[in-house]
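The values are calculated or read from the model by the stated rules, or taken from the named source; none is laboratory data. Keep in mind the model is a prediction, meaning the values are calculated, not measured. A quick note on method: Cβ atoms are made from the backbone with ideal geometry, for glycine too, and the neighbour counts reach across all protein chains shown. Areas reflect the complete protein model, heavy atoms only, side chains present, ligands, DNA and RNA absent. Shrake-Rupley method; radii C 1.70, N 1.55, O 1.52, S 1.80 Å.
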Amino acid sequence: MEIKSFNGLRSDRPVERFDPADLSIATNVDIDNSGAISRRDGYAIVGSVPAGAKHSLWADDSGTIGLYVSGTVLYSIAGVALLTGLTAGLPMAYHRELDRVYFSNGAQSGVLDNGVVRSWGLPVPTTPAVTLTVGNMPAGGYQFTLTYFRNDGQESGAALSGRVAVPEGGGLVFTLPVSSDPTVTTKGVYLSTPNGDVKYLALVVPNATTSVSYTNDAKELVTPLITQFLSGPPAGHLIRSYRGQVYVAVDDTLYPSEPYAYELFDLRNGIPLDGRVALFEALDDVDGSGVFVGTDRTCGILVGKGPADFEYVKKTAYGAIVGTSVRVDGSLYGDNSLGARQLPVWQTTQGVCVGLPKMSIRNLTRTRYTVAATGRGAGIFIPASNRLILTSNL
């Protein structure tokens, strides 16, 4: 018998009912579009890295940034230690937005910014203590709070405001905390007008300052506070973005950043799903835009204009494998009618799925080969050879 081409793996019927070109096992081989079978590529060592078990290998689309974790340390692909003190054994999630890489492992988070790791967002300072002094303030009730400023201009969130009654001709002395974040250079004291609710920037002082007075008449208060009740992101296990907002997945909840403010989050605006989040892939397309979302129980889409009115619509009764989603050239799908669109493809517990325009989901392998997959995985698409590689734990 001569077999001129192979059909690939099959598990939808007993082996004795296979066609001659079907395979029950395919180890370390590739099959191209013509059905030709060849040994898969090997690997070559391109550099030395520190000894020990490694995980969470990642590179950006341009191939200019590569990261991985070994033990409790985050390394660059060149083996340079970028961050120490990580919780051992936790997988790291990464996401590049513009020229920064945001990362989190569910316990610690950070940003790779111009080759240096710093905090992702700033801690919210405690509300300062206050005492009365002599000054020029009108009598009334005043609200006050505090924010930190990073050396790049980023401002932290602010805690719940304090309140103080000031007599006519009085003033205030604030006792200020000092941030331990080395990137924090200054801090801002916010104060309301007499008996007002809006806080305005009253004083900007160096981070090392522990006490400062305000004795003016409050007429110069014009810059309002816009970060109250906001904070840095929660530590999560998956990071993605959609239409100017970064989303962090923590167990079964998605937390969106403020619009175009990737380091400020309102943790009251979490979006709960039906299980642990395993997939978040946005599609902006003329035939339909939205977000493909998967949990460890189901796959579906988020319907709505944004986080305020998102609704999760289930499309499959089986879950996604976290870490496996990858973008694939849509011209390789079907009859090429979709053109060269970048489509999300991911592994599920019952096969490989693709997210299509008009926000539909199609399982590409379920009718022929069922993948018994759980846990975590990884995915890569190699354009030069049009190869999609998905891996997962069994």
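For residues that are aliphatic (A, V, I, L, M) and either over 21 Å from T126 (Cβ atoms) or in a loop (DSSP other than H, G, I, E, B) (or both), scanning just the range 166-179, find the one that is most open to solvent (accessible area, probe 1.4 Å). Walk me through how you get there before you give the answer.
Initial filter on the range 166-179 (aliphatic (A, V, I, L, M)): 166, 172-173, 176, 178.
Next cut, either over 21 Å from T126 (Cβ atoms) or in a loop (DSSP other than H, G, I, E, B) (or both) only: 166, 176, 178.
On the way: V166: 8, L176: 12, V178: 75 Å².
Checked the range 166-179; the qualifying residue most open to solvent (accessible area, probe 1.4 Å) is V178.
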Residues in the range 234-250 that are within 12 Å of I271 (Cβ to Cβ) and either open to solvent by 10 Å² or more (accessible area, probe 1.4 Å) or not small (G, A, S) (or both) total 5
Residues of the range 132-165 being surrounded by fewer than 21 Cβ atoms within 10 Å (Cβ to Cβ) and acidic (D, E), in sequence order, are D152
Within the range 277-336, restricting to residues that are among the polar types (S, T, N, Q) and in a loop (DSSP other than H, G, I, E, B), the one that is farthest from L267 (Cα to Cα) is N336
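Just need a number here: residues in the range 225-246 that are assigned to a strand (DSSP E or B) and within 24 Å of V322 (Cβ to Cβ).
To start, the set of residues in the range 225-246 that are assigned to a strand (DSSP E or B) comprises 228, 231, 238-242, 245-246.
Narrowing further to those that are within 24 Å of V322 (Cβ to Cβ): 238-242, 245-246.
Count: 7.
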The lone condition A308 fails out of (1) among the small types (G, A, S); (2) within 30 Å of G232 (Cβ to Cβ); (3) in contact with a Lys or Arg (Cβ under 9 Å, 6 or more places away or on another chain) is (3)
Practice problem: Might you let me know whether the range 341-353 holds any residue that is farther than 16 Å from A278 by Cα, open to solvent by 30 Å² or more (accessible area, probe 1.4 Å) and out of contact with any helix residue (DSSP H, G or I) (no Cβ under 9 Å at 6 or more places or on another chain)? | Solution: no
Inside the range 280-333, the number of residues satisfying the requirement of being closer than 24 Å to T370 by Cβ and hydrophobic (A, V, I, L, M, F, W, C) is 11
Restricting the range 359-386 to residues that are open to solvent by less than 70 Å² (accessible area, probe 1.4 Å) and of a type in the set (V, I, T), the one farthest from N7 (Cα to Cα) turns out to be I361
Listed by first then second residue, the pairs whose first member lies in the range 121-146 and is under 30 Å from V111 (Cα atoms), whose partner is of a type in the set (V, I, T) and open to solvent by 30 Å² or more (accessible area, probe 1.4 Å), with beta carbons under 7 Å and at least 6 positions apart or on separate chains, are P128/T175; T145/T127; L146/T127
